[in-house]
1. I need the peptides 118-127, 188-197 ranked by packing, meaning the mean over residues of other C-beta atoms within 10 angstrom, with the highest value on top.
2. If the chain between GLN188 and LEU20 were fully stretched, how many nm would it gain, using 0.36 nm times the residue separation less the Cα-Cα distance?
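Every number here is computed from the coordinates shown, using simple stated rules; none is lab data. This one's a predicted model, so the numbers in the text were calculated from it and none came from an experiment. Neighbour counts are summed over all protein chains in view; Cβ atoms, including those assigned to glycine, are modelled from backbone coordinates with ideal geometry.
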Amino acid sequence: MSKPETVRSLADLKPLARELAAARLAAEVERERLAAVMRLAEQERRVFELTVGPVTPLRRVDRVLHERELPAPEPRQREADERAVLLQALSDEIDVDTLLDTDETLSFRREGIGLEVVRKLRRGHWALQAQLDLHGLRRDGAREALGQFIQDSARRGLRCVRVVHGKGHGSPGREPVLKGRVRRWLVQKNEVLAFVQARASDGGAGALIVLLAGTP
């Protein structure tokens with residue numbers, strides 16, 4: 001009775017043997033695949049070295065790393081405050097007529113400035129160094145632009161500048177709207193020592209020549 005059972009047991013082992021052989025083969029194939037992948041990765045990693053060939057490392061030298069300089073902060077709030085001060089400081093209500101010399105052009109000279117300075121200014125003794133053109137600006141825009149222009153010119157050490165306010169040809173009634181206001185504003189600026197109407201070649205009745213603080 002035992003012999004037939006032994007035969008059946010051996011027959012049952014054949015499928016198991018085939019499965020084990022197939023598993024070993026699959027494992028071998030997987031090892032070969034992984035090895036090939038690793039070889040390819042190594043070649044890609046060393047592609048520069050394999051392409052260039054042997055290299056000699058450069059001798060190390062000491063380096064100084066400079067810290068990156070940050071840009072200076074923009075004083076936007078201070079600039080806004082200065083613009084507000086300019087607008088508030090230049091009044092339209094000042095009676096400028098009492099401060100002007102009643103000559104043919106209603107010139108202005110600050111206390112302590114002699115008539116000869118005005119004569120020199122009218123003759124073009126000082127060369128014009130900058131100009132502000134107020135054409136097209138409304139009252140507040142012109143007032144701010146003029147205040148900033150005079151302030152900046154004085155800071156730059158400029159001596160003689162021209163302010164163009166226009167002759168009023170394009171204004172209602174053909175009246176120079178800014179002419180009187182510009183005179184009012186200028187006399188309120190401490191940087192302004194004197195001003196006269198420009199010569200015909202420099203703008204005539206549509207412009208003023210302004211002398212800024214300095215040695216006459």
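1. The most tightly packed comes first, giving 188-197, 118-127.
2. That works out to 49.8 nm of additional length.
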